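Report on the structure given below.
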Amino acid sequence: MTDEKQVSSSFTSMAASGGGADAPQIGIGMLGYAFMGKAHTNAFKKIPYMMYPPVAIPRLVGIAGRNADAVADAAERFGYETAYTDWRDMLANDAVDVFDNGGPNDAHAEPCIAAAEAGKHVFCEKPLARTAEEAKSMLDAVESADVKHMVAFNYRFVPAVQQARKLIDSGKLGKIYHWRAVYLQEWGMDRTAETSWRFQKDIAGSGALGDLGAHIIDLARFLVGEPKAVSGLAQTWITERPDGAGGMVQSDVDDGFVALLDFENGALGTVEATRFAQGRKNFNSFEINAENGSIHFNLERMNELNVFWKGEEPDTTQGFHNVLVTEAHHPYWENWWPHGHIIGWEHSFVHEFHHFFDAIVNDRDVAPYGATFVDGYRNAVICDAILASAAARKHMDIRY
């Protein structure tokens, strides 16, 4: 691997490849190199030529992980300048402007707090932390350091979801009555498969709730508003899993949960997530019922939005209309292809990081379209309340 390279200023200017527009260069230091590391790096590489002209050019300064061989391989594969086995050494590199935390949940708080104290802007995968208390310490750190901060709730940046938000903000839907959302996967059902950190409470904090439910709770807050109370149920169906060395290890997180949400604006909501839904691969779906219409979205058909308008001519008995969200006037589509030429899951990260870089370079607010650590903290409070409700078998008020 190459030696660490120093730069003389926080942002250096370079010409965007393929064009004459100057854009500042932002140094990325990433923790983690697996699933999210690949997704984030893919976004960094696409931004300069797809979100054109770019607000910034990501420079892949460093990547950190505990396994020296694995992180070196990742650095070579993805194109990072330096591989680190200690994230502290990476944060000491002055060329790192943005700390991107894609590590396991137990590696969120300490590195993010240290990055903020070092003056780095901080981007962290969801859930922000294992508990609301831990999330609050992270929020306090980034606010005290006055750095930009964002949580990777990437589904906010799906064009169809952004279009739903635009319809709600326009007032066209009117008063919202119902929110119902499910996030269903099946991969947790194999009791013979080697366990992972996602089934260990001390590492993950929670199971299907933090892994999947956090996403639809965030979408509920993004599209409908703040819940003021919850009532939840949670279940663990497989309590021991193979440890990969011939033994068994305890699995002590929720395999599935359901919850009722009571919103401050009077809407009622339900959220449900599980890793025990046979046949479901990545089924993230929500429906909003409102005074003047309804909206339905399914991530597995992410370029589509199903919409119904009350009293729409010529015939309301036709039910929902399927809208292909790929027209030039739809969110983000000026950067992509002619209408009908769909994009995929990975492009939500392109939009997400472009938004974050714009906030950094142009000193704009990450909120309300991006999820800040405030959103991550409030999400964690709701998740904690759902588990507390499930344990106590009673309704819980939300207290931030």
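Coordinate-derived values only; no laboratory data. Note that the structure is a prediction, hence the values are computed from the model and not measured. Quick reminder, even Gly has a Cβ in these numbers, built from the backbone with ideal geometry, and neighbours come from all protein chains shown.
Alpha carbon centre of the stretch 266-322 versus the stretch 81-144: separation in Å? About 36 Å separates the Cα centre of the stretch 266-322 from the one of the stretch 81-144. Helices meeting the span-like rule in the chain (full DSSP H runs, Cα extent of at least 18 Å along the helix axis, mean Kyte-Doolittle score of -0.5 or higher): 35-50, 132-145, 347-361, 373-392. Suppose we keep just the DSSP beta bridges with both residues in the stretch 182-288; what percent of those would be antiparallel, to 5? Beta bridges within the stretch 182-288, antiparallel portion: roughly 90 percent.
Residues 120, 38, 175 in ascending order of nearby Cβ atoms (within 10 Å, fewest first): 175, 38, 120.
Across the stretch 12-154, the mean sequence separation of Cα contacts (distance under 8 Å, 6 or more residues apart), normalised by length, yields a relative contact order of 20 percent. What does DSSP give for the chain in terms of the percent of beta bridges that are antiparallel, rounded to the nearest 5? Antiparallel bridges make up about 60 percent of those DSSP assigns within the chain.
For residue 275, neighbours were defined as the other residues whose beta-carbon sits under 14 Å from its Cβ, and their charges (Lys and Arg +1, Asp and Glu -1) total -1. By other beta-carbon atoms within 10 Å, ranking 334, 110 with the fewest at the front produces 334, 110. Taking other C-beta atoms within 10 Å as the exposure proxy, 206, 294 rank 294, 206 from fewest upward. A simple count of charges around residue 23, restricted to other residues whose Cβ falls under 12 Å of its Cβ and scoring Lys, Arg +1 and Asp, Glu -1, yields -1. Within the straight-line cut-off of under 14 Å between alpha carbons, the aspartates and glutamates reachable from residue 126 are 100, 106, 134, 211, 218, 352, 375, sequence neighbours fewer than 8 places apart in one chain being disregarded.
Using the Cβ of residue 198 as centre and a radius below 10 Å, the other residues enclosed give a net charge of 0, where K and R count +1 and D and E count -1. Counting only DSSP beta bridges with both residues in the stretch 12-154, the antiparallel share comes to about 15 percent.
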